[in-house]
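The values are calculated or read from the model by the stated rules, or taken from the named source; none is laboratory data. Everything numeric in this text was worked out from a predicted model, so none of it was measured. Note: ideal-geometry Cβ built from the backbone for every residue, glycine included; neighbour counts use all protein chains shown. Surface accessibility is based on the protein's heavy atoms, side chains included, excluding ligands, DNA and RNA. Shrake-Rupley method; radii C 1.70, N 1.55, O 1.52, S 1.80 Å.
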Amino acid sequence: MGFEDRLEAHRIELTAHCYRMLASAAEAEDAVQETFVRAWKNAGRFDEGRAALRTWLYRIATNVCLDMARAVQRRALAMDLGPASTGGSLGAPLDPGAFVWPVPDRLVLPSGGGPADPADPADLAVQRETVRLAFVAALQALPPRQRAVLILREVLAWSADETAALLGSSPAAVNSALQRARATMSDRRATSTMGTTGAGGEIDEDLLDRYVKAFTSYDVDGLVALLHRDATMSMPPFAWWLAGRDAIRAALLGAGGTCADDRLVRTAANGSPAVAQYRDGRAFGLVVIEPRDGLIGALTTYLDPSLFPLFGLPMTPEPPSRM
């Protein structure tokens, strides 16, 4: 296998790592590309007797992400930016850089056959949990080096010695950073309006089918019945968000049926089911659906049609098939 092919074999896991660090699919892809460029430039100095290629690439990628993270604002979910809305206007959109943005599953989760693919379905479940929107948003609350330590130690299961070597630090400093990072993450879980990570284990196809049916028929009561009592709904790039079934029901009824003729197309984002939403024959938004305990815990609608090409989605919906 040539050097380029060996680099490509690690693209998915490196993209997942960079996405956790940066909370943006576009920035994660840029970081991985920069990692490969640096690897190519320094290939002559790489000594596989001293470190595995995977370890070396993670060192480069982490340093690239640390450099990038210092130059940008912290990304968040709408729930981190202010109190829940009582309805009404969405307000003015914020700079897109304020938000955690979704990533297609195909960019960050293995599909089989690669050297880093999990041998155990439980490992894949962990990988899914650690790219969920709420988990990635919680990571952004950490200073960049603490973020790197937590990811390396708890997501990738690196030892303190390995992490210290990668970061040019000491095991004692790594353990101290890990303790502070754990405390911050624990505090966020304790105060989060979404409970934990919004995770729901296996995807419930029946739940998703019922959601699509209720949405496309504008059955507000049917849709609300699928939500947890403490469910949230948000619409980046707006800071507006709603907390609870009653508030979401009121907003849907107040919308006056504007979504009634929209079309939904299934996709997947952040280890969660998602749908592309088309309105008037054009791309409108990407809805990430986060199931929890058999119901929907969060709905995040990204009102940015430029996401559609990233997810391999057409800007206009395919015509419905005829039977």
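Summed over segment 304-323, residues that are open to solvent by less than 40 Å² (accessible area, probe 1.4 Å), in a loop (DSSP other than H, G, I, E, B) and modelled with pLDDT of 95 or more total 2. Within the bounds of segment 277-289, is there any residue that is within 20 Å of Thr130 (Cβ to Cβ) and touching a residue at least 24 places away in the same chain (Cβ under 8 Å)? So far as segment 277-289 goes, yes, one or more of its residues are within 20 Å of Thr130 (Cβ to Cβ) and touching a residue at least 24 places away in the same chain (Cβ under 8 Å). Go through the residues of segment 264-274 one by one and say whether even a single one is surrounded by fewer than 12 Cβ atoms within 10 Å (Cβ to Cβ) and either in contact with a helix residue (DSSP H, G or I) (Cβ under 6 Å, 6 or more places away or on another chain) or closer than 21 Å to Pro93 by Cβ (or both). No, that holds for no residue.
Against the test of being more than 21 Å from Val174 (Cα to Cα) and either assigned to a helix (DSSP H, G or I) or modelled with pLDDT of 95 or more (or both), the options Gly44, Gly113 yield a single qualifying residue, Gly44. Looking at segment 53-75, which of its residues are part of a helix (DSSP H, G or I), surrounded by fewer than 19 Cβ atoms within 10 Å (Cβ to Cβ) and in contact (Cβ under 8 Å) with a residue 60 or more places away in the chain? Listed by number, the residues that qualify are Arg54, Thr55, Arg59, Leu66, Arg70. For segment 235-255, the candidate set comprises residues that are under 21 Å from the mean Cα position of the chain (by Cα) and not hydrophobic (A, V, I, L, M, F, W, C); within that set, the residue that is surrounded by the fewest Cβ atoms within 10 Å (Cβ to Cβ) is Pro237. Across segment 84-110, which residue is modelled with the lowest pLDDT among those that are over 21 Å from Val288 (Cα atoms) and not hydrophobic (A, V, I, L, M, F, W, C)? Residue satisfying both the conditions and the ranking: Gly88.
Of Thr232, Thr184, Thr258, which residue is among the β-branched types (Val, Ile, Thr), assigned to a loop (DSSP other than H, G, I, E, B) and either open to solvent by less than 60 Å² (accessible area, probe 1.4 Å) or at pLDDT below 95 (or both)?
Numbers: Thr232 fails: assigned to a loop (DSSP other than H, G, I, E, B); Thr184 fails: assigned to a loop (DSSP other than H, G, I, E, B).
None of the other options fit; the residue is Thr258.
Among the conditions (1) assigned to a helix (DSSP H, G or I); (2) among the β-branched types (Val, Ile, Thr); (3) at pLDDT 95 or above, the only one that Val126 does not satisfy is (3). When residues in segment 142-164 are screened for being free of Cβ contacts under 8 Å to residues at least 40 places away in the same chain and touching a helix residue (DSSP H, G or I) at 6+ places or on another chain (Cβ under 9 Å), 12 of them pass.
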